[in-house]
Amino acid sequence: MAENNLHYSDNDIQVLEGLEAVRKRPGMYIGTTDVKGLHHLVWEIVDNSIDEALAGFCKNIEVIINKDNSITVKDDGRGIPVGIHPKTGISTVETVYTVLHAGGKFGGGGYKVSGGLHGVGASVVNALSKWVTVTVYKDGKIYETKFENGGKTLQRLEIIGECELNRTGTHVTFKPDPEIFDTDIYDYETLKVRIRELAFLNRGLCLTIRDDRDDEDTIGEKFLYEGGISEYVKYLNQNKTPIHNEIIHLDGEEDGIMFEVAMQYNSGYNDSIYSFVNNINTHDGGTHEEGVRRALTRVINNYARKTNMLKEKDDSLTGDDVKEGLTMIVSCKHPNPQFEGQTKGRLGNSEVRKLADNVFSQGFDRFLMENPEEAKIIVEKTMTAARARVAAKKARELTRRKSDLDVVNFGGKLEDCKDKDPSVCEVFIVEGDSAGGSAIKGRDSMTQAILPIRGKILNVEKARLDRALSNEEIRTIITAFGTGIGQEFDLSKLRYHKIIIMTDADVDGAHIRVLLLTLFYRFFKPIVEAGHVYAAQPPLFCIKHGKTIKYVLDEKERDEYIASLNPNTKYDISRMKGLGEMDPEELNETTMDINKRVLRKITVEDAIEADAAFSKLMGEEVEPRRQFIEENAKFVENLDV
Ligand code: 1YM
């Protein structure tokens, strides 16, 4: 307990016990104590500022990473109330920061959800911090209170100065407790991506982020979008080719529920549909998304029939047909959202389905009527998608496996493993026949299957499902995985729980790796999301000294290893050959042996960023791809954000 003149009452003891509970089981409040949890703390504080903005009192929010990896969040809202709180007998600011259930109770309703924390965010951040300072500008005065070591009051709220009468706001600085978190280093990119997203989702709100760790004079980056989610759609389509100019933006409100949607079709074949409730990404959709999808299919069909583009004999367009090449953001602000599903990523409120359907169908129908040229382009696109769907269905029959025997024999390409338990089986997708040959000889044939691929595989970013299915390499991969594709996809049928991409550590290898990742991300997204995809890491150097042979992955590891050697060791370094030139023993030893190899797991932290990255790398625009190939050495790091 701090050495100061505070008098601790029974009430204070209870408060400390509350915060102690958070410290004992941080996972219950912020999910994890890894780098993700560390960043979560920022969002808990920023959420309070966003709330204040949604209530109409705050225009500017600033986030600063300080030199010591503490975080400052500033807003120009009303300032947290400074009066004595009737229940606790201490100032409301202190109450909000020390009582676990304070925020929500007098947070005044609003649209707060805090990703499930319901207004306990400030006290949770305090409980998990080494120290916290809260400054409030209000009524011409500057107030300040300080906490340390997990929320123990160091300084009661005091007036520390004066300010202009019209200046209001809250500034919070906190330093996460290194005893709680595995890491204390903030990632600027991670914070920036979410701050930009918050700016898109809250039109007119100005958010800035600044990194003071290297240089205190940095200006930082400012995000302010008057167009809101329309500008989000524009951003997501920036490396794609839109097929109509205007971004369609529709909104409506009923019973305090706000709903809006922005959309634009592009010439591509994938859809990018993202939905949010109270600024939180609803990964698994829900009633807001369902309402829009249902209305989209209905309105397009009605319009196509009315204009005779779709004839009486023609089948209706499906939900899949009308979403091809569609970029769409759906955003709902709800005072009482019900999040459902295992990861709470689905909106359950049934009244939203109807609101979304009404707002969308009325607005979109009107858009089609008023813009017949755009309407024609959109309907034609969906009709082409329908034709491709029928063709793909035929092609897909070819990838269906009739029995396990088929797999062993298909074209003789897949060298399957003996074990049939997917949880212990892995498949190496290997570049080139010669590396494939070495891998087959060097593998553990019980659990390791080898699938050699020849040359570059098709870029699915620029090809529809039917064309992809006519590509032999892709068909082989689909058949080997066993999951099926499209609507028939079934993750539980995956035959290998590790899918390992094994390519050379050069530009060509990087290119093939990104083509495979594009294929997996676009056609087998759940496999990537479930963490089944890995990149093998063949070593770059071999260091021999005496009888010891050490393989290292890169220059950094090489230099570190050499530095660790006795200075008198006279050693020999050689650059490793490509996979194809390694003999089976070498390949096994360096890249495949479960006990010695290094695998990199490909993860998708942020689906929206990954989507943007793939369209940038693999889409129509040539320049970004050229840049990528030049900088390719870094791309895997960029992809597994
Ligand atoms: C940098 C963090 O916490 N801003 C903030 C928080 C509050 C208010 C304004 C606020 C809310 C209300 C009335 C209200 C909070 N107040 C409370 C509580 N920024 C940051 N800005 N007046 C001011 O909701 O009625 C909790 S958060 F509970 F004290 F009202």
*Among the residues of region 238-291, which ones are in a strand (DSSP E or B) and within 22 Å of residue 604 (Cα to Cα)?*
272, 273, 274, 275, 276, 277, 280, 281, 286
*asked:* Looking at region 42-84 only, could you name the residues that are polar (S, T, N, Q) and either closer than 15 Å to residue 223 by Cβ or more than 9 Å from the ligand (Cβ to nearest atom) (or both)?
replied: 49, 60, 66, 69, 70
_Looking at region 223-235, can you tell me whether even one residue there is aliphatic (A, V, I, L, M), within 28 Å of residue 55 (Cα to Cα) and assigned to a helix (DSSP H, G or I)?_
yes
_Criterion (of a type in the set (D, E, K, R), touching a helix residue (DSSP H, G or I) at 6+ places or on another chain (Cβ under 7 Å) and surrounded by fewer than 19 Cβ atoms within 10 Å (Cβ to Cβ)) met by exactly one of 294, 305_ = 294
*Any residue at all in region 177-196 that is part of a strand (DSSP E or B) and either of a type in the set (A, V, I, L, M, F, W, C) or within 16 Å of the ligand (Cβ to nearest atom) (or both)?*
no
*Taking the stated definitions as given, is residue 219 more than 22 Å from residue 377 (Cβ to Cβ) and part of a loop (DSSP other than H, G, I, E, B)?*
yes
_Answer from 216, 221 - the residue that is among the charged types (D, E, K, R), modelled with pLDDT under 95 and more than 19 Å from the chain's Cα centre (by Cα)_ = 216
*Given 247, 195, which one is in contact with a helix residue (DSSP H, G or I) (Cβ under 6 Å, 6 or more places away or on another chain), of a type outside the set (Gly, Ala, Ser) and modelled with pLDDT of 95 or more?*
247
*What's the number of the condition residue 93 fails, among (1) more than 26 Å from residue 26 (Cα to Cα); (2) at pLDDT 95 or above; (3) within 11 Å of the ligand (Cβ to nearest atom)?*
(1)
*Within region 163-177, can one find any residue that is touching a residue at least 40 places away in the same chain (Cβ under 8 Å), farther than 22 Å from residue 60 by Cα and not acidic (Asp, Glu)?*
yes
*asked:* If I ask for residues that are of a type in the set (Gly, Ala, Ser) and outside any strand (DSSP E or B), which ones from region 118-167 would you list?
replied: 119, 121, 122, 123, 127, 140, 150, 151
*For region 433-466, name all the residues that are surrounded by 21 or more Cβ atoms within 10 Å (Cβ to Cβ), over 29 Å from the mean Cα position of the chain (by Cα) and either assigned to a helix (DSSP H, G or I) or not hydrophobic (A, V, I, L, M, F, W, C) (or both).*
435, 436, 438, 439, 442, 443, 448, 452
*What number of residues within region 475-509 are within 19 Å of residue 435 (Cα to Cα), within 27 Å of the chain's Cα centre (by Cα) and assigned to a helix (DSSP H, G or I)?*
3
*Which of (1) without any contact (Cβ under 8 Å) to a residue 60 or more places away in the chain; (2) closer than 18 Å to residue 414 by Cβ; (3) surrounded by fewer than 18 Cβ atoms within 10 Å (Cβ to Cβ) does residue 497 not meet, given it meets every other one?*
(1)
*asked:* Let me spell it out: the conditions are (1) closer than 28 Å to residue 209 by Cβ; (2) over 23 Å from the mean Cα position of the chain (by Cα); (3) at pLDDT below 95, and residue 30 meets all of them except one. Which number is the exception?
replied: (2)
*Pairs, first within 10 Å of residue 573 (Cα to Cα) in region 543-558, second among the charged types (D, E, K, R) and assigned to a strand (DSSP E or B), C-beta under 6 Å, six or more apart*: 543/550; 544/572
*asked:* List the strands (runs of 3 or more DSSP E) inside region 536-589, counting only whole elements, that have at least 1 residues being among the hydroxyl-bearing types (Ser, Thr, Tyr) and loosely packed, with under 15 Cβ neighbours inside 10 Å.
replied: 548-552, 572-575
_Tell me whether region 341-363 contains one or more residues that are in a loop (DSSP other than H, G, I, E, B), touching a Leu at 6+ places or on another chain (Cβ under 7 Å) and at pLDDT below 95._
no
_Exclusive hit being within 27 Å of residue 438 (Cβ to Cβ) and modelled with pLDDT of 90 or more, set 582, 592_ = 592
*Yes/no for residue 285 being more than 24 Å from the chain's Cα centre (by Cα) and more than 23 Å from residue 390 (Cα to Cα)*: no
*Check whether at least one residue in region 235-246 is under 24 Å from residue 265 (Cβ atoms), of a type in the set (A, V, I, L, M) and surrounded by fewer than 20 Cβ atoms within 10 Å (Cβ to Cβ), and report yes or no.*
yes
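Residues are listed down the side, and each one gets a yes or a no for (1) modelled with pLDDT under 95; (2) over 20 Å from residue 601 (Cβ atoms):
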| position | (1), (2) |
| --- | --- |
| 463 | yes, yes |
| 469 | yes, yes |
| 473 | yes, yes |
| 482 | yes, yes |
| 488 | yes, yes |
| 500 | no, no |
| 514 | yes, no |
| 523 | yes, no |
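The values are calculated or read from the model by the stated rules, or taken from the named source; none is laboratory data. Bear in mind the structure is a predicted one, so any value in this text is a computation, not a measurement. Don't worry about glycine lacking a Cβ; one is built from the backbone with ideal geometry, like all the others, and counts go over all protein chains shown.
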